[in-house]
Amino acid sequence: MQLFNILIEKFPFVKYSQQITNTAIANLIQNEREATIIDIGIGQGTQILNILDLLKHSEKLEKLVVVGIEPFSNALATAQERIMSFSTALSFEVEFIARQEYIEQMDFTSLSKLPGKIVVNASLALHHIQSEEQRLKTIESVKSLNPAAFVLIEPNVNHFEPDLMKRLKQCFHHFYSIFKVIDNLEIEETDKNALKLFFGREIEDILGKQEADRYEKHEKATQWIDRLVKSQFNIPKDVLKLPLESHLGVKMKYHQEGFFGFTYEEETVLAVIYAN
């Protein structure tokens with residue numbers, strides 16, 4: 001939990017990508033009477049808690065439905081408990097719908113009667129979908145819900161590449177940048193090493209497993225944007241903004257290809273994509 005808190009509170013890639021995502025979602029629904037957030041890969045619910053905190057002063061919102069989609073039962077139960085406990089201090093009703101499923105296996109028709117404006121959030125989740133066909137089908141299924149927005153946070157690197165040597169080169173540049181930023185964090189050396197071990201498990205998945213067993217199949221932001229456009233999503237310009245342009249050497253800005261990027265030196269490590 002301490003490492004997770006460091007990622008959320010201090011690691012600029014995670015901290016600021018979630019900050020702009022959470023703000024965009026809160027701005028979309030704060031003036032609605034009813035709204036729904038579908039969170040793909042909700043984990044233990046930390047991001048939703050931060051969105052609820054942004055909404056706590058809403059004078060118009062009466063009911064918010066949170067659909068938490070998560071394959072792991074313990075995390076999903078924790079998310080539900082934390083969110084419902086937090087909601088007791090809010091002025092609006094919160095309903096939690098738990099769906100213990102992998103997103104690519106879910107029947108989206110079961111979500112056809114959700115109330116109010118719908119926003120779909122997918123933070124570091126969609127790259128776990130194994131195949132190109134499943135990725136496109138999932139995005140098309142999200143589009144069928146007619147969401148007001150679909151917000152993705154994804155690493156901006158091609159680890160979907162089946163050729164090991166090409167993948168090795170891309171992996172090196174990506175994680176070199178991540179580790180350099182970890183070195184710049186004002187945290188204990190033991191925590192820096194623990195963070196590197198955490199990301200080391202991703203490297204092991206990317207380089208050390210057979211193709212059928214890999215789950216960290218990241219792709220470039222432009223690949224996700226191509227799928228979104230193919231699924232009839234619009235990619236609006238300059239919706240996502242931050243009050244600062246750099247932190248710990250990470251430069252943050254909108255890219256004309258259609259995403260908000262987080263760049264260290266020459267490597268754009270992470271992307272936030274806003275579609276509607």
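What full-extension length gain, to one decimal in nm, is calculated for Tyr102 and Lys253 as 0.36 nm per residue of separation minus the Cα-Cα distance? Intermediate values should be presented prior to the final figure.
On the way: separation 151, 0.36 × 151 = 54.36 nm, distance 3.19 nm.
Result: 51.2 nm gained on full extension.
Here's the list of lysines a cross-link from Lys15 could span, going by alpha-carbon distance under 24 Å and ignoring same-chain residues fewer than 8 apart: Lys56, Lys180, Lys192, Lys196, Lys217, Lys220, Lys237, Lys241, Lys251, Lys253. Compared with the dominant Cα axis of the chain, that is its longest principal axis, helix 46-55 is turned about 50°. The order of the peptides 8-15, 257-264 by mean Cβ neighbours within 10 Å, most packed first, is 257-264, 8-15. When only Cα pairs below 8 angstrom with a gap of at least 6 residues are kept, segment 166-276 shows a relative contact order of 24 percent.
Inter-label distance, Gln232 to Glu204: 4.4 nm, where each label sits 7 Å from its Cα along the C-beta direction. Computed about the Cα centre, the dipole magnitude for segment 31-135 is approximately 240 debye when only Lys and Arg (+1) and Asp and Glu (-1) carry charge, each at its Cβ.
Quick check on segment 13-59: take the gyration tensor over C-alpha atoms, sort the square-rooted eigenvalues as a ≥ b ≥ c, and tell me if it's rounded (a/c under 1.5), prolate or oblate.
Working: a/c = 1.97, a/b = 1.47, b/c = 1.34.
Prolate shape, in that a/c is at least 1.5 and a/b is the bigger ratio.
Length available on full extension from Asn74 to Asn5: 0.36 nm per residue minus the Cα-Cα distance, which gives 23.0 nm.
Summary value for segment 1-59: 35 percent relative contact order, contacts being C-alpha pairs under 8 angstrom separated by 6+ residues. Can you grab the distance from the C-alpha centre of segment 247-272 to the C-alpha centre of segment 152-201, Å, no decimals? Using only Cα atoms, the two centres lie 15 Å from each other.
Relative contact order for the chain: what percent, with Cα pairs under 8 Å and sequence separation of 6 or more? Display every interim value, and only then the final one.
Numbers: 475 pairs, mean separation 52.5, N = 276.
With pairs under 8 Å counted, the relative contact order is 19 percent.
Farthest toward the positive end of the dipole of the chain, out of Leu3, Val119, Ala75, is the Cα of Val119, where the dipole comes from beta carbon charges about the Cα centre. Secondary structure note: in the chain, about 40% of the DSSP beta bridges are antiparallel. For Lys209, the aspartates and glutamates whose Cα comes closer than 17 Å to its Cα, not counting residues fewer than 8 places off in the same chain, are Glu161, Asp163.
Which value, in debye to the nearest 20, describes the size of the charge dipole of the chain about its Cα centre when Lys and Arg Cβ atoms bear +1, Asp and Glu Cβ atoms bear -1, and nothing else is charged? Walk me through the numbers on the way to the answer.
Working: 30 positive and 39 negative charges, 103 e Å.
For the chain, the charge dipole is close to 500 debye.
Could you give P(r) for segment 1-82, binned at 10 Å from zero, as whole percent values over all Cα-Cα pairs? With a bin width of 10 Å, the distribution comes to 17, 47, 32, 5.
Mind ranking 207-214, 55-62 by how tightly packed they are, going by the mean number of other C-beta atoms within 10 angstrom, highest first? Don't skip to the answer; put the middle values down first.
Details: 207-214: 10.6, 55-62: 15.1.
Result, highest mean Cβ count within 10 Å first: 55-62, 207-214.
Values quoted throughout were computed directly from the atomic coordinates according to the rules given, and no laboratory measurement underlies them. Everything numeric in this text was worked out from a predicted model, so none of it was measured. With ideal geometry, Cβ positions are generated from the backbone for all residues, glycine too; neighbour counts draw on all protein chains shown.
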